[in-house]
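Structure, as structure tokens:
What follows draws every value from the coordinates through simple rules; no lab data is involved. Just so you know, these numbers come straight off a predicted model, no measurement behind them. Backbone-built Cβ (ideal geometry, glycine too); neighbour counts: all protein chains shown.
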Amino acid sequence: MTQPRSTIATTIRSVVLPVLTVTVVAVVVAALVGGADSAVGALVGGLLVAVFLSSNTSVLETTTKANPQLALLVALTLFTGKVAVMLVLLAVFTSSDQVADHIDSKSLGLTLLAASLLSTVLQVVAYRNQRVPTYDLSNKD
């Protein structure tokens, strides 16, 4: 039987680090193509994804250990809350004149899209590779 691995360490290693790497690449490309404002937009987009989409693991691991029946409810609540906070932050970034003048919306959006897709794919792959049993075959009659 395999030993259970910490999902937090696995997520950091297999999801957060690649997302941060893509963020660095996006910042460099944005800086070369569009200048400092584009680089700031790419940096903000990548960091938003790294923080928001990758932080579910610690909360879900704690919840699943305490009460496995609440895991789906907590996951959906966290996702909905993060989408709402992300929309508020994007509205602030794009509508505030002081902030919008220093952040390029195209590089912000493209980096958000690329990092979000990468994060989602890597989380699915990481979960698949953890080999967490999704049901119990033992017969307790």
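Measure off 7 Å from each Cα along the Cα-to-Cβ vector at Ala126 and His102, then give the distance between these two points in nanometres to one decimal.
Those two pseudo-labels are separated by 3.0 nm.
Could you order the peptides 75-81, 110-116 from most to least packed, using the average number of other C-beta atoms within 10 Å per residue? Show your work: numbers first, answer last.
Numbers: 75-81: 12.4, 110-116: 20.3.
Per-residue Cβ counts within 10 Å, averaged per peptide and sorted highest first, yield 110-116, 75-81.
Rank Lys65, Lys82, Lys106 by mean-square fluctuation in a GNM of the chain with C-alpha springs under 10 angstrom and give only the top-ranked residue.
Result for the chain, Cα springs under 10 Å: Lys65 fluctuates most.
Beta carbons within 10 angstrom, averaged per residue: use that to sort the peptides 16-24, 95-103, 47-55, highest first.
Per-residue mean Cβ counts within 10 Å order the peptides as 47-55, 16-24, 95-103.
Per residue of the chain, what 222 nm ellipticity follows from adding -39500 (n - 2.57) for every DSSP H run with n ≥ 4, rounded to the nearest 500? Write down the numbers at each step before the final one.
Working: 7 runs with 106 residues, N = 141.
Taken over the chain, the calculation gives -24500 deg cm²/dmol.
Quick check: net charge around Val33, other residues with Cβ under 10 Å of its Cβ, Lys/Arg +1 and Asp/Glu -1? Let's see the in-between values first.
Numbers: positive: Lys106; negative: Asp104.
With Lys, Arg at +1 and Asp, Glu at -1, the neighbours total 0.
How high is the FRET efficiency between Ala9 and Val92 when r is their beta carbon distance and R₀ equals 35 Å, given to the nearest 0.05? Walk me through the intermediate numbers first.
Numbers: r = 33 Å, r/R0 = 0.94.
Calculated transfer efficiency: 0.60.
Calculated FRET efficiency, Phe79 and Val24, Cβ-Cβ r, R0 35 Å, to nearest 0.05? Don't skip to the answer; put the middle values down first.
Details: r = 26 Å, r/R0 = 0.74.
Calculated transfer efficiency: 0.85.
Give the label of the value calculated from the structure for Rg and Dmax of the Cα atoms in Å, choosing from [x] 18.2, 59; [y] 17.5, 49; [z] 18.2, 67.
[z]
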